[in-house]
Structure formats: C-alpha cells, structure tokens
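Report on one structure; see the data block that follows.
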Amino acid sequence: MAVFISFEGGEGSGKSTQAEVLAERLANTGVAVEFVHEPGTTELGWQIRDILKRGLPGEREFSAEAELLLFSASRAQLVFAALRPLLDRGDTVIVADRYVDSTTAYQGYGRGIPLEQVEAVNEMATQGTMPDLTFLLDLPPVEGLTRIGNLQLGFQFDDSVLHADDVRAREGARFEDEPLEFHERVRQGYRELAAKEPKRFCVIDATLPESRVSDLIWNEVCDRFPELAAAKESVEQ
Ligand code: TYD
C-alpha cells in the first residue's frame, strides 16, 4: 500500500530522529520505505539546499519571497521526480522529514508572507500531493533552542571556504539569527495548521522522553494503517 507520512516541528523538536526511527521500524516489518528530506533528495533539491545553506558569492541575504520560492522549487521537483512515481507504484511508505507545512509555518507565520500567497505557491508545488498523516512534534521554542544551542539553528553555512573574518558575517543567516518570537510564530502556525486539519495531523508532546515519543508515533501509525499493523504482528510472531 502507498502511505505518505510527514514529520514537522520547530528547531530541536527531535523530528528528524523520530522520522528515522519510524522509517527503520517500518523497514523492519518488511514494508518498502523511502525516506525523503527537504530540501534535498533530488538533484535540484540538493542544489537548492546548497544555495540556501551557503548563500551566493556577494549575496548574503535572500528576500522572504525568494526563500519561499526556493523551498517550493525544491518541493515541486521532489513531488515530480520522487513522490508521485513512488505513490503511483502503490507499494511504498514514504517518510518525509519536513514537507509543505514547513513552508506555511516558517515562510508564512514566521517570515510573515501573507498566508493566501503561501498557500497558492504550496498548491502549485505539491500539485495536491499531501501526506496521509503528519506528525507535529510540538515543543516550546525555548526548550528546543536550549536542546540544540543557538549555533545549530536552521542552516549552518559551510565555512570551510571562507576566511576567518568572513565566517562571523556569514554564520547565523537564515533561521539562526531569528529572535525567539520568530520561533514562537512558527510554533503557533504549526498548531493552527494542526487544529484546521485534525484528521491529518497527530500532535505529539515532544517534551516527552525520546523512546516514549517513538512509541506514540508507532502506535498511531499502526492504528491508522491496519495493513502496516498486520505487517508488524507477522514480524512479532
Ligand atoms: P535542516 O538543516 O534540514 O534542519 P531541520 O529540518 O532538522 O530543522 O534545515 C532546514 C531549515 O529550513 C529549518 O530551519 C526549517 C527551514 N525550512 C523552511 O523555512 N521552509 C521549508 O519549506 C523547509 C522545508 C524548511
């Protein structure tokens, strides 16, 4: 069966770890699993990730709109080259570490681009390909930021090619320099999205211990997709 599960959350929410744990658990049941990470996964996605991560020579700042379109271009290619073909095959579970809700939360609620504009771009990028289930790992930003330390927020520039003096200037672009209020808006945005689509979203309290979070996620997946639960039982027997 084809199932599309995405993971969302703010910085330090543990979402990437949990996405990997779920993908591994599914693979252990014998289910075909594909793991995708945004931006990235496709060649175009990796190039865009690189631009967002390193910036461009002589251009350190991108407009919020340019940022929105870069993330979305990466997503459009992901849908075209990876998600649609996989979903059409009908036998794979896709686990996505971030998807379109990240854009609404970060570029919409966080950066303040009008939500109807973000939605229009999202619709174009996804062509209606939406997750069956989205886990929102919800955490107060102060806790998430404390967990990872400010220097690891958002994209880190690869400073290996820079002179020491340039490094400070280029560190901290994108999400790292954003004030706490930015991250509060992102969280609020996620929570509003989850409230609007309670069937698609499963909100998890990410302050819980990691293993408890993994179990909550696994139980939810097995409840929602009995076929996967059956695969689980056959492995446990
Ligand atoms: P990344 O290094 O992938 O870390 P993580 O996903 O583990 O947080 O950084 C991705 C950053 O990009 C993250 O801070 C969220 C942000 N982002 C957006 O602002 N919009 C988007 O559409 C996506 C996919 C990510």
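We did not get these values from a lab; they are worked out from the coordinates using the rules stated. Predicted model only: the values in this text are computed from it and were never measured. Heads up, the Cβs are rebuilt from the backbone with ideal geometry, glycines too, and the neighbour counts pull from every protein chain shown.
Couple of notes before you dig in:
- Distribution of pairwise C-alpha distances over segment 1-46, 5 Å bins, in %: 5, 18, 25, 24, 19, 9, 1
- Acute angle (nearest 10 degrees) that the helix 115-126 long axis makes with the longest principal axis of the chain, alpha-carbon atoms: 60
- By the beta-carbon count within 10 Å of each Cβ, the least crowded to most crowded order of H37, H183, fewest first, is H37, H183.
- The HN-Hα couplings worked out from phi for segment 207-215 by the Karplus form 6.51 cos²θ - 1.76 cosθ + 1.60 (θ = phi - 60°) are 7, 5, x, 3, 5, 5, 4, 4, 5 Hz, whole numbers, x standing for Gly and Pro.
- Cβ crowding within 10 Å ranks D132, D97, D215 as D215, D132, D97, fewest other Cβ atoms first.
- Stretch in the chain that is longest and holds no GluC sites (Glu not before Pro) that DSSP places in a loop and that have at most 15 other beta carbons within 10 Å: 62-170
- Using the rule -39500 (n - 2.57) for each DSSP H run of four or more residues, divided by the residues of the chain, the 222 nm mean residue ellipticity is -15500 deg cm²/dmol.
- Ordered by the number of other Cβ atoms lying within 10 Å of each residue's own Cβ, fewest first, M124, M130 fall into the sequence M124, M130.
- Inter-probe distance in nm under a simple model that places probes 7 Å from Cα toward Cβ, at E197 and D50: 3.1
- Based on the Kirkwood approach, the hydrodynamic radius assigned to segment 63-142 is 13.5 Å, with every pair of different Cα atoms included.
- The orientation-averaged projection of the convex hull spanning the C-alpha atoms of the chain amounts to 13.0 square nanometres.
- Total formal charge among the other residues, if their Cβ is under 10 angstrom from that of L137, Lys/Arg +1 and Asp/Glu -1: -2
- Residue-count net charge about V93 - beta-carbon cut-off 11 Å; Lys, Arg +1, Asp, Glu -1: -3
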